[in-house]
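Worksheet for the structure shown next.
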Amino acid sequence: MAKTTSLRCRVLEGKDLPAKDLSGSSDPYCVIKVDNEVVARTATVWKSLNPFWGEEIMLLLPRGFHSLTIYVLDEDTIGQDDVIGKVSLSHQQISAKPRVRGGVDSWLSLAPVNPDQEVQGEIHLELQVPERGHSRVLRCHLIEARDLAPRDASGTSDPFGRVSCCGHTLETAVVKKTRFPHWDEVLEFELPEGELGEAVLSVELWDWDMVGKNDFLGRVRTSGHTQMVQGPGGTSATPGVGAQPWLSWRR
């Protein structure tokens, strides 16, 4: 498996975005892509040209990636969402930033997605490679899922995993058109000394949608003592993770 670099990405806010709706406002959200792969999406801020998202996402950038791009879109209830603009940073630009107490923390002007498109507005981003220090690493190896609910009209889903621990969230790639996705991805969380025993890991599965909101498929929460499984039928508790072969803790 290719080595990766952790990058803390904070999508904070936007300002002076163009009005895309008849009301004179927009419903903006951001989509983050590594090369051509969607890795994260923020919530939608309704009816605002100066949205505040305040979302932090821990990204795992594969060795040899070319660019990190944040697209700003206007969500529409009917029809296709409107693209407002984008900010793109190359591998070289990100690698050149300071790795300790540095990185990107600035307002960046949106660029057009199409050459003939007029664009206005800025977004405030923070990008930082975390310090290693004396932290411990919690590794979640998300291998596969089975018998997921069909959420699309085709009778399948486009599932991805969203894993959270100690205030940080990582996401897997989206696997298109399947109820039996195979990811085989290792997601790493850096934990301060002393937090490993108290850490609670939440694994959510979602169906990715190009237009509109993603659909919730289910959730597993686990610690060293109890595992909570939530789905359409409700929530249940099972014994510790040793009783569930699909989940394991590594130090």
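What fraction, in whole percent, of alpha-carbon pairs in region 35-119 exceed 14 Å separation?
Counting every Cα pair in region 35-119, those more than 14 Å apart make up 74 percent.
First compute the accessible area of region 21-75 with a 1.4 Å probe, then give the percent of it belonging to carbon and sulfur atoms.
On the way: 1290 of 2370 Å².
Here it works out to 54 percent.
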His141 accessible area, nearest 10 Å², 1.4 Å probe? 70 Å²
Are there any trypsin sites (Lys or Arg not before Pro) in region 136-195 that are in a DSSP loop and have at most 15 other Cβ atoms within 10 Å? List them by number. Arg146, Lys176, Lys177
Would you calculate the separation in nanometres between label points at Ser48 and Asn36, each defined as 7 Å from the Cα along the Cα-to-beta-carbon direction? 3.3 nm
How large, in percent, is the carbon and sulfur part of the accessible surface of region 147-194 at a probe radius of 1.4 Å? 50 percent
Quick check: pseudo-label points 7 Å beyond the Cα along Cα→Cβ at Ala153 and Ser202, how many nm apart are they? 3.3 nm
Thinking of region 1-76 as a set of Cα atoms, what percent of all their pairs are more than 21 Å apart? 34 percent
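The values are calculated or read from the model by the stated rules, or taken from the named source; none is laboratory data. All values reported here derive from a predicted model rather than from experimental measurement. Cβ coordinates were reconstructed from backbone atoms using ideal geometry, including for glycine residues, and neighbour counts include every protein chain displayed. Accessible surface areas use protein heavy atoms only, side chains included; no ligands, DNA or RNA. Shrake-Rupley method; radii C 1.70, N 1.55, O 1.52, S 1.80 Å.
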